[in-house]
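Quick note: the coordinates plus some simple rules give every number you see, no bench work behind them. This structure is a prediction, so every number in the text was calculated from the model and none was measured. Every residue, glycine among them, receives a Cβ derived from its backbone with ideal geometry; neighbour counts consider all protein chains shown.
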Amino acid sequence: MNERMRVLLVANGAGLWITAVLVGWMYMFMLLGEVVLFPLIPSIDFEIPGDRRGWNMAHMEGITNGLLLMALAALTPLLTLSPRESRALFWTSIITGWGFTIPAWANAIAGTRGLAFGGGPFEGGVINNTIYLIGWPPVIAVHVVFGLLLLGAVRRLRDLA
């Protein structure tokens, strides 16, 4: 993977961390049932929808996926991949990072899970089904990422032998 792609992975990882911080603020205000940052901002009654589990998930997705992208940027010099495979690893990593984080945030706000079309054992509806369908590209992408990581590592081991 070229240096530009690696730097872009780090930048996207940082963007995911910033997203996690914003979600974390919303999570905190949802738990408190108000916006309060004493002594900077007085208490403002403001209800953020969703549940604790959903907001926790959304917050952790940004942190975890940001770390994933930054780790990939650091690890790709240890892999033996063709330029085409490196581009595929780059784009599927970006899709994985943002594609799991943004739907988790939407699920937190909507109080849905987006795990099954129709809701499965959870509440369904149009929002749930839309989030479910939007979730398919990152589900596919993450498997491509893992396959390319393994392929690149096996090739590198072979090269070192």
Angle in degrees between helix 83-110 and the longest Cα principal axis of the chain, rounded to the nearest 10 = 10
Identified option (computed mean projected area of the Cα convex hull in nm²; candidates (i) 14.4; (ii) 11.5; (iii) 12.0) = (ii)
inquiry  = For E34, what residues show an amide H to amide H distance below 5 Å, using hydrogens built from the backbone and excluding near sequence neighbours?
reply    = F46
task = Calculate how steeply helix 136-160 sits against the longest principal axis of the alpha-carbon atoms of the chain, using the helix alpha-carbon long axis, and give the answer as 0 to 90 degrees to the nearest 10.
result = 30
note = Checking segment 11-50 for chymotrypsin sites (Phe, Trp or Tyr not before Pro) in a loop per DSSP with at most 14 other beta-carbon atoms within 10 Å yields F46
message = Assuming 0.36 nm per residue, please report the length gained on full extension of the stretch W91 to R156 beyond their Cα-Cα distance.
response = 21.3 nm
note = Between the Cα axis of helix 52-75 and the main Cα principal axis of the chain, the angle (0 to 90°, nearest 10) is 20
ask   = Which value, in debye to the nearest 20, describes the size of the charge dipole of the chain about its Cα centre when Lys and Arg Cβ atoms bear +1, Asp and Glu Cβ atoms bear -1, and nothing else is charged?
value = 800
